[in-house]
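The values are calculated or read from the model by the stated rules, or taken from the named source; none is laboratory data. None of the values given here were measured: they were computed from a predicted structure. Glycine gets a Cβ as well: all are built from the backbone with ideal geometry, and neighbour counts include every protein chain shown. Accessible surface is based on the protein model in full, side chains and every heavy atom, while ligands, DNA and RNA are left aside. Shrake-Rupley method; radii C 1.70, N 1.55, O 1.52, S 1.80 Å.
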Amino acid sequence: MPKRITIAPLMAVVLTLFGMAACSTTTSAPDTSTQASKPESQDLNPKNADAYYKRGFAYYQQGETTKAINDYSKAIELNPNHADAYYNRGWLYSILGEETKVIADYSKAIELNPKNADAYSGRGHAKFTLGKKAEAIADYTKALDLNPNQADVYFYRGIAKDNLGKKAEAIADFNKAIDILPKYTPVYVRRGNVKSALGKKAEAISDYTKAIDISATYADAYYSRGNAKYDMGKKEHAIADYTKVIDLEPDYVEAYKKRGLAKSAQGKKAEAISDYQKAAYFYNKQTNRATYYCNKQIDKAANCNEQTRSRSDYQDALNQIKKLSAQ
């Protein structure tokens, strides 16, 4: 039987929870150590729950999310105690942004297998997405009780604690994540952000620089370091970091906005206007994209919120252009 899908430590959810410019979506990655055969090649016993489970896993590996969910549902219908089928279906619902269904399936998986640490952390991600930060922390804590060697779960719990204003506890969790996985670059950036918010700009810059030392192409680290340098009055150094971000990711809209702000503060009006024009262009694209998916009710909450934010940011960029042009 193929393995259930498991939580991977360095995955897309990191950027989602970061709240930074590079956006991503869901919570985990597959364990591909066991390869299932192609769904079409499998002989299926219509009364065998494991046969549907196995074919569902094969559909998942082929990228056939809906077919995989249907097969996991059939496996559950035939065997309501199939913990791994609930777990895998929950993970696939997370891909679709259906967090309520994610929570229901992970809760059932936990009921059937209380030692499944991945189900607790996955449910924690879903609760975090729904704004239930305290409940998410409780699930992350349970996952760590079951498996304390999970750098990613310490990281997620730290983010949730930071969101609740528990900055010292957040830093402690980030420290633990780094102890377990010293080259886990997003943790350095997030710890730097918390330190920066506490006014510890020099320590924050040290964390951002460490992330860059580990991964010289990590745009978020340059961006956050630029922000800290700007706050310290080092505008030219901040501009250099924002420029590096744009070199690495030419559509990193926030870097244009912040570089425009720094150039404006230096009296470089024409260059600042150019950056704000770029920012306005990308914010408008984001607004149009989010509006499309919001109207289609695809991951509706996230996209409708993004629509509102991007539209506001777009208007702000236009206002800055107008203000500078009038000077």
**Fill in**
Here the residues within the stretch 86-118 that are surrounded by fewer than 17 Cβ atoms within 10 Å (Cβ to Cβ), under 18 Å from Asn147 (Cβ atoms) and of a type in the set (D, E, K, R) are Lys115
**Message:** Let me spell it out: the conditions are (1) touching a Phe, Trp or Tyr at 6+ places or on another chain (Cβ under 8 Å); (2) surrounded by 20 or more Cβ atoms within 10 Å (Cβ to Cβ), and Arg55 meets all of them except one. Which number is the exception?
**Reply:** (1)
**Any hit, the stretch 260-269, residues being in contact with an Asp or Glu (Cβ under 6 Å, 6 or more places away or on another chain), within 23 Å of Ala221 (Cβ to Cβ) and either basic (Lys, Arg) or surrounded by fewer than 20 Cβ atoms within 10 Å (Cβ to Cβ) (or both)** = yes
**Message:** For the structure I just gave you, tell me whether Lys200 is surrounded by fewer than 21 Cβ atoms within 10 Å (Cβ to Cβ) and either farther than 28 Å from Asn284 by Cα or among the hydroxyl-bearing types (Ser, Thr, Tyr) (or both).
**Reply:** yes
**Message:** Suppose we keep only residues that are at pLDDT below 90 and within 24 Å of Tyr256 (Cα to Cα) within the stretch 291-303. Which one would you say is farthest from the chain's Cα centre (by Cα)?
**Reply:** Asn303
**Item:** Among (1) within 30 Å of Ser94 (Cα to Cα); (2) surrounded by fewer than 15 Cβ atoms within 10 Å (Cβ to Cβ); (3) at pLDDT 95 or above, the one test that Glu249 misses
**Value:** (2)
**Asked** Does any residue of the stretch 112-129 turn out to be without any contact (Cβ under 8 Å) to a residue 24 or more places away in the chain and over 21 Å from Pro80 (Cα atoms)?
**Response** no
**Request:** Output the residues belonging to the stretch 61-80 that are of a type outside the set (A, V, I, L, M, F, W, C) and open to solvent by less than 30 Å² (accessible area, probe 1.4 Å).
**Result:** Asp71, Tyr72
